[in-house]
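Undergrad: Please see the structure below; I have some questions.
The values are calculated or read from the model by the stated rules, or taken from the named source; none is laboratory data. Remember, it's a predicted structure, so these values are computed and weren't measured experimentally. Cβ placement follows ideal geometry from the backbone for every residue including glycine, while neighbour counts extend to all protein chains displayed. Please note that ligands, DNA and RNA were not included when accessible areas were found on the heavy atoms of the full protein model with its side chains. Shrake-Rupley method; radii C 1.70, N 1.55, O 1.52, S 1.80 Å.
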Amino acid sequence: MFNLFQFNRNSHLRRAMALLEEAHMARLEHQAAAEHHAALARMYSDRAKRLEREIYGTAHQSLQESAAAPAPKVAHDKPAIYALDSARQESKIS
C-alpha cells in the first residue's frame, strides 16, 4: 500500500553520490584557495624583505657583495604540493 517508510536503496545511493561529488568540489575549492593564499604569503614575505632592506639600508650593498653571498633557502620558499587523493585508500571489492 504505502512505501513511504520503506528503505529505498536507489535514492540512498543517489544521495550518497551527490554528497561525494559535493565533497570533491569542496576539496578542490579549498585546495585552490590554499594555493592562492600560499602565493600571497610568498608575495608579502618578499615585500617585507624589500621594505626591510629599504628601511635598514642594506639595499645599499654593492652588486659584488650581493652576488657573492647567495640568499639562504627558507622553508617556505619550496613549492607546496597537495595530493588530490591523500585521504583515499585503495579498497578491494570481493
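Undergrad: Taking the stretch 8-34 only, how many residues are under 18 Å from the mean Cα position of the chain (by Cα) and open to solvent by less than 90 Å² (accessible area, probe 1.4 Å)?
TA: 9
Undergrad: Does SER66 satisfy the criteria of being at pLDDT below 60 and among the polar types (S, T, N, Q)?
TA: Yes: the conditions hold for SER66.
Undergrad: Report, ordered by the first and then the second residue, all pairs with beta carbons closer than 9 Å, sequence separation of six or more or different chains, a first member in the stretch 17-32 that is at pLDDT 95 or above, and a second member that is open to solvent by 80 Å² or more (accessible area, probe 1.4 Å).
TA: Hits for this filter: ARG27/LEU84; ARG27/ALA87; LEU28/LEU84; GLN31/TYR82; GLN31/LEU84.
Undergrad: Under 8 Å between Cβ atoms, at least 6 apart or on separate chains: pull out the pairs that start in the stretch 41-56 with a residue that is in contact (Cβ under 8 Å) with a residue 24 or more places away in the chain and end on any residue that is charged (D, E, K, R).
TA: ARG42/ASP77
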